[in-house]
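Below is one structure; the comments refer to it alone.
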Amino acid sequence: MKQILLITDGCSNVGISPVIAAAQAKAEGIVVNVIGLLNEHEIDEMGADEIQEIARAGGGTSRIVTLAKLSQTVQMMTRKTVAHTIQQIVGKELQHILGDAKLESLPLDQRAQVVQVMDDLGETASIKVALLIDTSASMKQKLSAVKEAIYDLQLSLQARTGSSETAVFHFPGAGAHQEEAQMDLDWTRDLANLNRLFYKLNMRGTTPTGPALLKVTEFIIGAPTADIYENGNSRQKDTFVTGNAPIGKDGILSDYIV
């Protein structure tokens, strides 16, 4: 079971729409969950809308939370996605067996067996979670809470019976050309590796959420994503529009922060 968990505090403002990128991830069998990270009294309607739209397109869920609730939310969303995926798989199998009949139509003892199977799968199924962390300038004071949440998630996953691996990326990447996203940790089960997270970051104002999502999708599937930019004779690789925000000739919007 493959997931991307995006943690951000602002609207994307560079590159392809993150909603399109999340839909591409979903098409590749990857669920995209999104956490909007706020300080106590921050709120931005455009940012909140984008967070919901990304999760909806990626077949996942979204939450807007304060720093104090981040760790608990990361764990809850990861496990909830696993449970939902298992329910879908088991539901399809039951539909194949029962036809139009529902689970509730089974005798009580058989229903209990199905529920037990789903619970067991929740603990034994293989999980891969790629965390994608917004490290634009506005996130500087929030990264310690993000790092703690990742550590707590790893502890929680290690308690499972099945294989659980996490990978960590941040965006924008380093370098003069600002890569879409940069890998901090390859797939790992080792908590010791978390000490290296976000070492010597060069935090910037741009937020290329869509390109970063595509890069992590490519990493998970082990191949470049299909060219989703082609539309007849036109290309939309470098620009997109979010809400009613004006778009510049270089495709960069104003930097909206949740």
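The values are calculated or read from the model by the stated rules, or taken from the named source; none is laboratory data. Quantities reported herein were computed from a predicted structural model and do not represent experimental measurements. Don't worry about glycine lacking a Cβ; one is built from the backbone with ideal geometry, like all the others, and counts go over all protein chains shown. Heavy atoms of the whole protein, side chains included, go into the accessibility calculation; ligands, DNA and RNA do not. Shrake-Rupley method; radii C 1.70, N 1.55, O 1.52, S 1.80 Å.
The sole residue among Asp134, Asp120 that is within 19 Å of Glu180 (Cα to Cα) and of a type in the set (Asp, Glu) is Asp134. Please work out if Asn195 is modelled with pLDDT under 85, surrounded by fewer than 19 Cβ atoms within 10 Å (Cβ to Cβ) and not in a loop (DSSP other than H, G, I, E, B). Judged against the criteria, Asn195 is a match.
Among the residues of region 110-140, write down those that are aliphatic (A, V, I, L, M) and more than 30 Å from Asp184 (Cα to Cα). Result: Ala112, Val114, Val115, Val117, Met118. Scanning region 116-137 for residues that are in a strand (DSSP E or B) and small (Gly, Ala, Ser) yields Ala130, Ser136. Under the condition of being farther than 20 Å from Val216 by Cα and open to solvent by 10 Å² or more (accessible area, probe 1.4 Å), the residues counted in region 134-150 number 7.
Conditions tested, residue by residue: (1) in contact with an Asp or Glu (Cβ under 7 Å, 6 or more places away or on another chain); (2) within 23 Å of Leu131 (Cα to Cα); (3) surrounded by 17 or more Cβ atoms within 10 Å (Cβ to Cβ); (4) at pLDDT below 75.
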position	(1), (2), (3), (4)
Gly60	no, yes, yes, no
Leu70	no, yes, yes, no
Met77	no, yes, yes, no
Lys80	no, yes, no, no
Gln95	no, no, no, yes
Lys102	no, no, no, yes
Leu108	no, no, no, no
Ala112	no, no, no, no
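For the subset of region 1-58 comprising residues that are without any contact (Cβ under 8 Å) to a residue 40 or more places away in the chain and of a type in the set (Lys, Arg), which member is least open to solvent (accessible area, probe 1.4 Å)? Result: Lys26.
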